[in-house]
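Some notes on the structure that comes next.
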Amino acid sequence: MAGLTLKQVTKQFGEHKAVDGLSLTVEPGEFVALLGPSGCGKTTMLRMLAGFEQVSGGEIHLGDQLLASEQHHVLPEQRNMAMVFQSYALWPHMSVADNVGYPLKLRGVRGADYQRRVEQALSLVALEPYAQRTPQDLSGGQRQRVALARCLVTDPSVVLLDEPLANLDRHLRASMEHSFADFHRRTEATMVYVTHDQSEAMALADRIAVMQAGKLVQWATPETLYREPRTSWVASFIGQGSQLMISTGAPGRRLGGNELMQGLASPAAQRHQAVLVRPEHIQVHPEAPSEQDLTARVERQTFRGERYEIHLRMQGGETLLAYHPHALKLGQQVALTLLEGWCLEPDQ
Amino acid sequence: MSPSLTQGSQHRWLLTLLTLTVVLLSLAPSLRLLVEALSDLTQGGNAPLWRVLQSASTWRALSHSLYTSGLGMLIALALGSLFAFVITLTDIRGKAWLVFCFMLPMMIPPQVTALSWLQLFGPASPLLKSIGMAPPLGSPQPLYSAEGITLLLGIQSAPLVFLALRTSLLSLPRELVEAARISGARQNQVWRHIVLPVTRSGLVAGSAMAFISSLGNFGIPAMLGIPAGYYVLPTLIYQRMASFGTGVLAEMAALSLLIGVLALAGVALQQHWMGRSRFGLVGHSGRAHDFSLGRFRALVTVLLVSVLLVILVAPLVALVVSSLVPAMGVPLNADTATLNAYHEVIGRQGATWRAMRNSFWLAGGAAVVLMLCSLPLAYRLQRLPARLQNLTLSIIELPYALPGVVLAIACILLFVRPLPIINVALYGTLGLIFVAYLARFLVVCLKPVSASLAQLDPSLEEAAQLAGAGPWRRLSTIVMPLIAPALFAGGLLVFLLAVNELTVSALLWSAGNETLGVLIFNLDEGGESVLASAVSVLVVLMVASLMLSLSLLAPRLPKGVVPWQG
Ligand SMILES: Nc1ncnc2c1ncn2[C@@H]1O[C@H](COP(=O)(O)OP(=O)(O)OP(=O)(O)O)[C@@H](O)[C@H]1O
Ligand SMILES: [Mg+2]
């Protein structure tokens, strides 16, 4: 087990920079997610970590060993990493047990020790009865678990996962998410998990690297990412919420209710600061609003079981999302109290 | 699916009728051969089959056939897999050129290959004379031997191994290789544990194809074996027919049955392994993994290029040199160089013109007729249930899979007597060769068309149907324009194969009805090597330019239609 350090890692395909000056430090044993929309360079970053792509600039270190730089390239087979591919990449000419045991064979593990470790890995993913089948005879979820077992059979210093749940249905995803978390707890391996699904990343990762067009936009814990997103783009990408323009505050500051309401009351021309207001920080008062109150009209509502999502439109035309335990009348005027807001940086 | 019953069923009936006709025509020669070979079995020891099986020459030729084809297959395997692995999996440069040059020997007719190698060795070789390396007069021509035949068979069929292996390598998802590498496998372990096992069936299938093709090859053992008295099964049949004529047809049918069974066993083996090679691989295939050759890249490039120099360039250079000298054994230099041979073959030799005209008519006619049949046929086949479709395709493939000599004997049997009712005699005319070409090359034209049709989105036709287009109109205005490149490629391939064909026409030609293949063979047999070389040079130029025009067409064709394009 070891940490990963990325310094200004860049990957260039011709003119196009798929990864652009990415720096981050992953602690030993940490579970991190690379999160971003399609085409933002996540897979490319992961393949550079594995050593399948050479870096065009910057450095990658594992612990204190240099893995890759412009001049230096440690081959994938010498990196002691493991990877779960999106297509599973199970070898069709080997049985499930042989697939799982292959990395052990390469490390010279033989005999009883080999048997024991293969069985152990298979039992971890509850696949012992399938040991002698070929991968073609397994369902998608089972193949996924074989790929996972193949990863954990040796003690890799880093486990890389490229959208491992993308091919599975929703139920299976939930249970697999669970087994990833479980797997991480048991092995304590450093894991890098690529996904474009923010809820998956939030549920699993200790820290999340949010990428946009090859650049790292924010590197933080899921909670920080949710509570304190850096830019407008991250705020709209992660979780629900409304962005308003106000006249007070500065990027990276949390505003209390009063300050927020005052900033909102200024004339439009003075309001230059974007602020994120999460729906749980908006109180909706359905009884007839008075003159001083901040008011809005109910435009649309969606039933979500434990609550209603209320889409509101304010007098200035801005939209807001809030929660309310009961249904309201469409078109009804309500009074609002904003409890807090988070000031955002504009997008580059 | 049947909007207007009357029109729909009429069109289906016509197509079905066509399909049935084609199936019957494909099956008829083989059935006739079978009947002849198995006739009179009740006569016991005197039945033709028994007589053939008791003759020592049969067994000698059989063992020669197995020996040359078997060893030839090993050579093909070595050459084909070297090129397939290096070109498909590594980062070597100039891949397109390497593939084109490696595939060229497959498309050059065997009699030309044999002739060009004969010009490369031996005491009379003009090339060796020119560079002063000719062995002393009277020393033997080393190629007139079993090993000479073996070598050329191997070179000629190496592209088959190459193609089969390349196909299976291209469908190897690169994640499978990467998963092994990240598990800790070094490059050589990746090869042994992943690449070879996954592509093993492609190797076996390719080898089986090389074996079948060598077994049926006539041009090479005829030109290298007959002078040395070394007979394989096809040349044995040829020699018997040449000496005894139709009198020995029954025995020749029995002999043909023997090769036919051998070849079909090979086909069955190949199909079996092809089936096994479909692992149902998942993953992003198409972009094969690039193994980095690193500092060995120059070395490997030199290796491949020198192999190509030996197997392709050297014999072709020898051929060109031979066509430019006044007579065999004369060295080529500024004084001796002459274009006389070309003047002779193009200007004066009536036989050359006649043979060229015959071959062009036969090949062009066959290409046109087969193109006309292929579209409706493929269209009907696609609507058959899968099993019936496979069966029909196998039957259509039969005349192509069987060695050419077998088909020739079968056609003689079928047409040796005048056709009933219309009372037309085909035997001894160009018509017989034409019919044989139609049967033999139908599958060559049909395959690209079927592949292209299978890729066509059915909704295109359905949209036309909703717009009110009837079946014939859909076929001609929607399907036909979209399939046209494949149809054209099929026709071009048929022309390429038929215009140089020797095996079938060697048995079916008669005076005045020579083909281009027969002409080269006869010129060489008559000692006119210089003239034969000149004709061969023209043939090679034609082949290369047809191949290039197919390459130009390739971007508009489904994958795999043009064999030498990835
Ligand atoms: N081998 C390559 N050559 C050229 N461009 C490439 C190559 N691989 C990736 N790219 C480009 O780099 C960019 C990032 O690709 P990448 O596969 O890393 O995206 P991703 O974030 O994994 O997207 P997705 O979520 O869709 O998988 C894309 O614009 C892609 O087209
Ligand atoms: Mg990706």
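Table for the structure above
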read-out: Estimated translational D of chain B in µm²/s (Stokes, Kirkwood radius over Cα pairs; 4 °C; 1.567 mPa s); value: 51
read-out: Mean separation of Cα contacts under 8 Å (6+ apart) over length of segment B:339-566, as relative contact order %; value: 31
read-out: For segment A:105-181, with +1 on Lys and Arg beta carbons and -1 on Asp and Glu, the positive-most of A:Pro156, A:Val109, A:Gln144 along the dipole; value: A:Val109
read-out: Proximal lysines to B:Lys447, defined as alpha-carbon separation beneath 18 angstrom and excluding residues fewer than eight positions away on the same chain; value: B:Lys559
read-out: Probe 1.4 Å - accessible area at B:Met209, Å² to nearest ten; value: 50
read-out: Against the rule of thumb 2.2 N^0.38 Å, how large the Cα Rg of segment A:4-228 comes out; value: 1.01
read-out: Computed label-point distance, nm, for sites B:Arg354 and A:Gln283 using a 7 Å Cα→Cβ extension; value: 11.2
read-out: Separation of alpha-carbon centers, segment B:389-464 and segment B:539-558, rounded to whole Å; value: 23
read-out: Gap separating the Cα centres of segment B:188-248 and segment B:135-171, nearest whole Å; value: 10
read-out: Gaussian network model of chain A, Cα within-10 Å springs - most flexible of A:Ser23, A:Ser232, A:Ser123; value: A:Ser123
read-out: Gyration tensor (alpha-carbon) shape descriptor, segment A:199-348, a/c threshold 1.5; value: oblate
read-out: Accessible area in the full protein assembly, largest first, 1.4 Å probe, for B:Ile237, B:Ile421, B:Ile75; value: B:Ile421, B:Ile75, B:Ile237
read-out: Spherically averaged projected area of segment B:133-245 from its Cα convex hull (nm²); value: 10.9
read-out: Residue-normalised accessible area of the protein assembly as shown, expressed per residue, 1.4 Å probe, Å²; value: 43
read-out: Sequence-separation-based contact order of chain B, relative, with Cα cut under 8 Å and 6+ spacing, percent; value: 22
read-out: Full-extension gain in nm, A:Glu188 to A:His272, via 0.36 nm per residue minus C-alpha separation; value: 25.7 nm
read-out: Reachable aspartates and glutamates from A:Lys11, criterion Cα separation under 13 angstrom, eight or more residues apart if same chain; value: A:Asp20, A:Glu53, A:Glu59, A:Glu70
read-out: Segment A:256-307 versus segment A:173-194: alpha-carbon centroid distance in Å; value: 39
read-out: FRET efficiency for B:Leu27 and B:Leu293, using Cβ-Cβ distance with R0 set to 41 Å, rounded to 0.05; value: 0.25
read-out: Reachable aspartates and glutamates from A:Lys105, criterion Cα separation under 20 angstrom, eight or more residues apart if same chain; value: A:Glu77, A:Asp113, A:Glu119, A:Glu128, A:Asp155, B:Glu175, B:Glu178
read-out: Pairwise FRET efficiency - B:Thr429 versus A:Lys7, Cβ, R0 = 60 Å, nearest 0.05; value: 0.15
read-out: Within segment B:100-116: backbone nitrogen closer than 20 Å to the B:Met542 label point (7 Å, Cα to C-beta); value: B:104-116
read-out: Accessible-area order (highest first, 1.4 angstrom probe) of the listed residues B:Tyr379, B:Tyr342; value: B:Tyr342, B:Tyr379
read-out: Shielded by partner chains, segment B:174-212 residues - at least 30 Å² of accessible area, 1.4 Å probe, vs chain alone; value: B:Glu175, B:Leu176, B:Glu178, B:Ala179, B:Arg181, B:Ile182, B:Ser183, B:Gly184, B:His193, B:Ile194
read-out: Exposure of B:Arg240 as accessible area (Å², to 10), given a probe of 1.4 Å and all protein chains; value: 60
read-out: Viscosity 1.567 mPa s, temperature 4 °C, Stokes-Einstein D of segment B:339-566 from Kirkwood C-alpha radius, µm²/s; value: 67
read-out: Protein heavy-atom accessible area occluded, A/B pair - total, 1.4 Å probe, Å²; value: 2100
read-out: Length-normalised contact order for segment A:228-348 - Cα pairs under 8 Å, 6+ apart - percent; value: 36
read-out: Gain on full stretching of the segment that runs from B:Leu38 to B:Val416 - 0.36 nm per residue minus C-alpha separation; value: 134.3 nm
read-out: Nearest-10 value in Å² for the accessible area of A:Glu59, using the 1.4 Å probe; value: 70
read-out: Shielding by partners - mean other protein chain Cβ count within 10 Å, residues of A:66-78; value: 2
read-out: Rounded to 5, the percent of DSSP beta bridges in the protein assembly as shown classed as antiparallel; value: 70
read-out: Label-point separation, A:Gln333 to A:Gln292 (7 Å along Cα→Cβ), nm; value: 1.7
read-out: Solvent exposure ordering (accessible area, 1.4 Å, most first) of B:Ile212, A:Ile60; value: B:Ile212, A:Ile60
read-out: Carbon and sulfur %, accessible surface of the protein assembly as shown computed with the full protein complex present, 1.4 Å; value: 59
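The values are calculated or read from the model by the stated rules, or taken from the named source; none is laboratory data. What you see is a predicted model; the values in this text were computed from it and never measured. Neighbour counts run over all protein chains shown; Cβ positions are idealised from the backbone, glycine included. These area figures cover heavy atoms from the full protein model, side chains too; ligands, DNA and RNA do not enter into them. Shrake-Rupley method; radii C 1.70, N 1.55, O 1.52, S 1.80 Å.
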